[in-house]
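As structure tokens, the structure follows; a few thoughts come after it.
The values are calculated or read from the model by the stated rules, or taken from the named source; none is laboratory data. Because the structure is predicted, anything quoted here is derived from the model rather than measured. So basically every Cβ, Gly included, is an ideal-geometry build from the backbone, and we count neighbours across all protein chains shown. Only protein heavy atoms, including side chains, enter the accessible area calculation; ligands, DNA and RNA are left aside. Shrake-Rupley method; radii C 1.70, N 1.55, O 1.52, S 1.80 Å.
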Amino acid sequence: AAERSERVVIAAHVAAGITLHPTRIERAAAMRAEHTGGLLKPPFNASRAAAFAELEATDVEVVGVGFRRAAQDIVISGLGWFSVITNGPVALRVRAPQGVAVRARDPLMPHIDATRGNAKFTGARLVHP
């Protein structure tokens with residue numbers, strides 16, 4: 001068995017109006033409860049957020065091909081996709097509201113070079129170095 005990769009680069013491909021809020025899974029439920037309708041602005045009002053409270057996990061295995069090429073895309077219906085760039089095998093768990101499809105596919109834009117010129121996530125927006 002190949003040794004698991006410890007480094008993974010995720011390139012987000014979402015609409016310009018979407019702000020990403022990465023957090024640890026241990027903090028996710030509290031963050032959603034505290035910030036829905038404020039910091040977190042789903043495409044519906046806060047009263048409908050309860051219908052999306054349960055998250056389903058989808059496990060994805062990716063075998064990376066190096067940091068100059070995306071290995072696989074993870075598509076989250078209605079949101080966009082995330083290109084996974086890594087140098088070996090990696091197991092990812094993607095959580096989305098129940099009923100929202102999550103699937104893996106071959107990369108739509110495979111020629112992503114994670115070794116240079118990438119934006120960095122600052123918590124509010126992506127900034128190019």
Being over 17 Å from residue 64 (Cβ atoms) and surrounded by 11 or more Cβ atoms within 10 Å (Cβ to Cβ) is the filter; apply it to the range 114-124 and report the residue that is modelled with the lowest pLDDT. 121
Do we have residue 90 as touching a residue at least 24 places away in the same chain (Cβ under 8 Å) and either in contact with a helix residue (DSSP H, G or I) (Cβ under 9 Å, 6 or more places away or on another chain) or surrounded by 14 or more Cβ atoms within 10 Å (Cβ to Cβ) (or both) here? yes
Restricting attention to the range 66-78, does a residue exist that is among the small types (Gly, Ala, Ser), touching a His at 6+ places or on another chain (Cβ under 9 Å) and outside any helix (DSSP H, G or I)? yes
Count of residues meeting criterion [of a type outside the set (A, V, I, L, M, F, W, C), open to solvent by less than 90 Å² (accessible area, probe 1.4 Å) and under 17 Å from residue 95 (Cα atoms)] in the range 20-35: 3
Hey, can you tell me all the residues within the range 93-113 that are surrounded by 11 or more Cβ atoms within 10 Å (Cβ to Cβ) and either within 22 Å of residue 23 (Cβ to Cβ) or not aliphatic (A, V, I, L, M) (or both)? 94, 95, 96, 97, 100, 102, 103, 107, 110, 113
Search the range 21-32 for residues that are closer than 14 Å to residue 55 by Cα and pair each with any residue that is not charged (D, E, K, R) when their beta-carbon atoms are under 7 Å apart and the residues are at least 6 apart or on different chains. 31/23; 32/40
